[in-house]
Amino acid sequence: MTAYRKDPDAALAPYAATQTNSRGRVHAEPRHPYRGEFQRDRDRIVHSAAFRRLIYKTQVFVNHEGDLYRTRLTHSLEVAQIAQTVARELGLNEQLVEAICLAHDLGHTPFGHAGQDSLNKCMRDYGGFEHNLQSLRVVDELEEKYASFPGLNLCYETREGILKHCSRRNARELGELGRRFLEGGQPSLEAQLVNIADAVAYNHHDVDDGLRAGLLKIEELRELPLFGRQYTRVIQSHPGISRKALIHETVRGMINVIVTDLLDITRAQIAQADLATIDDVRGQPKPLVSFSDEIFRQHQELKSFLQKKLYRHEKVIKMTQRADEIVTSLFELYFGDPSSMPTEHAARAAAGAVESGDSGQARAVADYVAGMTDRYALSAYKRLIDPTLEF
Ligand code: MG
């Protein structure tokens, strides 16, 4: 009798990304005796320092504002949960999907989008800063763990999924990985799926967090059909339900509606496109993983609502301004005096300066600041700039 060994590509759809059709790793490595290639990618991401730091990075609410809010880590796990459910249903590569989800936000700065905007301003004359590209930089270059290569040496498909968008200028530097941003074409269905699952996750968990924080009002949310219908359904079938359970049941119902629509429409579009291989996926004129027009409209409506009522709420804006002050001052301080960074970062800044002058030095400083957690940035600011800071 032959011993049982599961083929990681077994039971996947013909158009899924598999380790057999993978474009491989930059540095060739022998196969592992019992772990699949995308499982190895997922494992490398989970063991990375950047992944551990996600727990102390802001999603919308600053980490120390309360223990119940999402952080970048719990956000990434929720994205993975949603995307893996859909992947399993569609016969897509669940392990690849999980790897992309867990890595997609590794390049985020402290203090969420506020931190990224500040760092982008600081880097204006040195090639800019974009968190999505930074996530790729973390896995390609910045993690230092292996004897034979820099970064995590992930498979092409994992890196393709991490790079959701990219400017033409940056795409030109990225070779094969940047080609679709210059010549058109789509990434794998797994990558398309993670991109949408990211938005589904934050739209819904931000409703939950926004209500918990008292920044969003149920009466206003009820005017959105996506929320309103589920809210009414829950309260009619459970009139005595507690507020907490009501919110959870409503949000859960919303995710169910939107994910079911995503599955139905995507399944139909895949069937219509008559896909035989992953190359057929990449050659499509537009993404095949998408919502119906009506659900897309409702999804966008919720997104705009959150923009207006939550992300631009005065309390969130106030945090944004302080984050801008902290990130900008730290960048300027380290750029002016790289030796005030820890030795390995000071050495990278010096090497960068030799290689490409100010922009090389600035990039090393941006890498250091971007890697900081919220609390690390706060304590550096207190120690080096303003000991009286209260955040
Ligand atoms: Mg995200």
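The values are calculated or read from the model by the stated rules, or taken from the named source; none is laboratory data. No experiment lies behind these values; they were computed from the predicted model shown. FYI the Cβ positions are ideal-geometry reconstructions off the backbone, even for glycines, and counts take in every protein chain you see. Accessible surface areas use protein heavy atoms only, side chains included; no ligands, DNA or RNA. Shrake-Rupley method; radii C 1.70, N 1.55, O 1.52, S 1.80 Å.
Numbers below:
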read-out: Whole-number percent relative contact order across the chain, with pairs defined as alpha carbons under 8 Å at least 6 apart; value: 20 percent
read-out: The chain: DSSP helices with Cα axial extent of at least 30 Å and average Kyte-Doolittle hydropathy no lower than 0.0; value: 243-273, 314-336
read-out: Point-charge dipole on Cβ atoms (K/R +1, D/E -1) for the chain, about Cα centre, debye to 20; value: 520 debye
read-out: Partner aspartates and glutamates for LYS382 [C-alpha distance under 19 Å; skip if fewer than 8 residues away on the same chain]; value: GLU65, ASP324, GLU325, GLU332, ASP337, ASP374, GLU390
read-out: Positive dipole terminus of the chain, leading residue within SER242, ALA351, ALA366 (C-beta point charges); value: SER242
read-out: Solvent-accessible heavy-atom area per residue, rounded to whole Å², over the range 37-384 at 1.4 Å; value: 44 Å²
read-out: Dipole moment magnitude, nearest 20 debye, the range 230-308 about Cα centre, only Lys, Arg, Asp, Glu C-beta charged; value: 540 debye
read-out: Sequence-distant lysines (8 or more away, or on other chains) whose Cα lies within less than 17 Å of LYS315; value: LYS217
read-out: Within the chain, helix-based [θ] at 222 nm, where runs of 4 or more DSSP H residues each add -39,500 (n - 2.57), nearest 500; value: -19000 deg cm²/dmol
read-out: Within straight-line cross-link reach of LYS286, lysines at Cα separation under 23 Å, skipping those fewer than 8 residues along the same chain; value: LYS164, LYS303
read-out: The range 268-391, dipole about Cα centre (Lys/Arg Cβ +1, Asp/Glu Cβ -1), debye to the nearest 20; value: 480 debye
